[in-house]
Amino acid sequence: MKMPEPGVPPQAPSDEPRPPSRSRTILSGVMEIGDANLSGNVHGGVIMKLVDTAAGIAAVKHCGGRVVTASMDEMSFIEPVFLGEVVTLFAQVNDVGRTSMEVGVRVEAENARTSERRHVSTAYLVFVALDEQGQPRAVPPLVPETPEEKRRMEEAKIRRQHRLARKEAITRRRVIAPKEAPPA
């Protein structure tokens, strides 16, 4: 993505449909001592921050403008990441709503000495595109081109339905349930 020159206003984002491949993002980095948790492995929060960064870049590439993380819908830690391993994150927009985008992220860890690679984490995040005033704005439609992209879009729609149903159930419960006293 070309960065605007200083003092030159950026072009208005386009509403032209885009394939998921346009948002594809890959980030890599070596996990160092500052990334360690008390067990001597890489802290999960370090991986979460990298996931948010990779997903945010993918969202910006799709919508062509500013975004904010609305939620981390799901994140699974499959295996630990060890110090000295090279972590690579693969991010791509899976589906879009009117102003939001779901981005999937796959995290792999590689032992650079042996070339052994492991799938260590998967995450799904939701981003909202913002206009110049910081208000939600429409995002371009997503047009999947491959069977894999179509599968990812269908699964993203299922996750969205679950998010909305969970939100509605919690809201309904809070309206019905008697007010509880706040904890002391």
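Every number in this text was worked out from the coordinates using simple rules, so none of it is lab data. Everything numeric here is computed off the predicted structure, so don't read it as measured data. Cβ coordinates were reconstructed from backbone atoms using ideal geometry, including for glycine residues, and neighbour counts include every protein chain displayed.
Observations
- Our note on the geometry: Cα centres of the stretch 49-69 and the stretch 94-162, 10 Å apart.
- Pairwise alpha-carbon distances in the stretch 35-184 exceed 20 Å for 58% of all pairs.
- Net length available on complete extension from GLU148 to LYS49 is 33.0 nm, with 0.36 nm assigned per residue and the Cα-Cα distance removed.
- Contour excess over end-to-end distance, with Cα ends at ASN111 and GLN133 and 0.36 nm allotted per residue: 3.4 nm
- Gain upon complete extension [GLU168, PHE90; 0.36 nm per residue less C-alpha separation]: 24.9 nm
- Unit charges at the beta carbon, dipole of the stretch 1-140: most positive-side option, ASN41, THR53, CYS63: CYS63
- Entry note, the chain: the mean residue ellipticity at 222 nm calculated from DSSP H runs of n ≥ 4, each adding -39500 (n - 2.57), is -9500 deg cm²/dmol after division by the residues and rounding to the nearest 500.
- When +1 charges are put on Lys and Arg Cβ atoms and -1 charges on Asp and Glu Cβ atoms, the dipole computed for the chain relative to its Cα centre reaches about 700 debye.
- Amide H contacts for VAL81 (H built 1.01 Å from N in the peptide plane; partners 5 or more residues away or on another chain; cut-off under 5 Å): VAL42.
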